[in-house]
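First the structure, in the form of structure tokens, and then the observations on it.
The values are calculated or read from the model by the stated rules, or taken from the named source; none is laboratory data. Just so we're clear, the structure is a prediction, and the values are computed from it rather than from any experiment. Cβ atoms come from the backbone with ideal geometry, glycine included; neighbour counts cover every protein chain shown.
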Amino acid sequence: MDRNMFLKSCGVACVSGAAITALLEGCTSANYYAKTLIAGNKIVIPKTEFEYVDDGQKINRQFVLVRSAKNKYPICVHNNSTGQSIGDYNTAEKITAEQKFADHKSAELSTANTPYTALLMECTHKGCELRVNGEYLVCPCHGSEFTNKGVVQNPPAEKNLRTFIVTADNENIYVEV
Ligand code: FES
């Protein structure tokens, strides 16, 4: 089975109900909702929320989900620094408003100065809630697929995902909503 066929069948499985929960869990990464604070228009995520201990080993999460009162669906905050510990990012990183992207090309630039991206998990085709599958976000409704930077990879969606400005300091990540 090629990759697209797998993702489509995974999507069908994801909407088929509780009876196949085990299959659903097998085709998506574990979703973790981070503990957050609100400061003005920012969601504050402690960097430690990207870490957990398993069998005595510290593991870095690739992504966490956060809820925003302003949005129907969660926001996926992805750590693109695979292979580096969170502590490697000790300098403040900032994406300016000019770096917000509107097309595929600028989308790739938007993460140049920070390892984090924040994406609204709402499919740009017909508004279904996306699921995280490794480095991709996949729509269970009609199979659209997006990168962890929000760039559409597979139709029927044609537009990139909505993104949020992300800043970070030594301790926290700030998502502007
Ligand atoms: S709503 Fe996501 S592909 Fe149609």
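Points worth noting:
Results for (1) modelled with pLDDT of 90 or more; (2) over 17 Å from the mean Cα position of the chain (by Cα), shown as yes or no for each residue.
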site	(1), (2)
14	no, yes
27	no, no
32	yes, no
54	no, yes
61	yes, no
67	yes, no
75	yes, no
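- Selection from the stretch 54-69 of residues that are in a strand (DSSP E or B) and either crowded, with 16+ Cβ neighbours inside 10 Å or touching a strand residue (DSSP E or B) at 6+ places or on another chain (Cβ under 7 Å) (or both): 58, 59, 60, 63, 64, 65, 66
- When we screen 92, 157, 168, 97 for residues that are away from the ligand (no atom under 16 Å from the Cβ), on the phi < 0 side of the Ramachandran plot and either at pLDDT 95 or above or crowded, with 19+ Cβ neighbours inside 10 Å (or both), the only hit is 168.
- Residue satisfying all of: in the stretch 122-150; crowded, with 19+ Cβ neighbours inside 10 Å and away from the ligand (no atom under 11 Å from the Cβ); nearest to residue 31 (Cα to Cα) among these: 132
- Subset of the stretch 132-165 [in a strand (DSSP E or B) and hydroxyl-bearing (Ser, Thr, Tyr)]: 136, 147, 163
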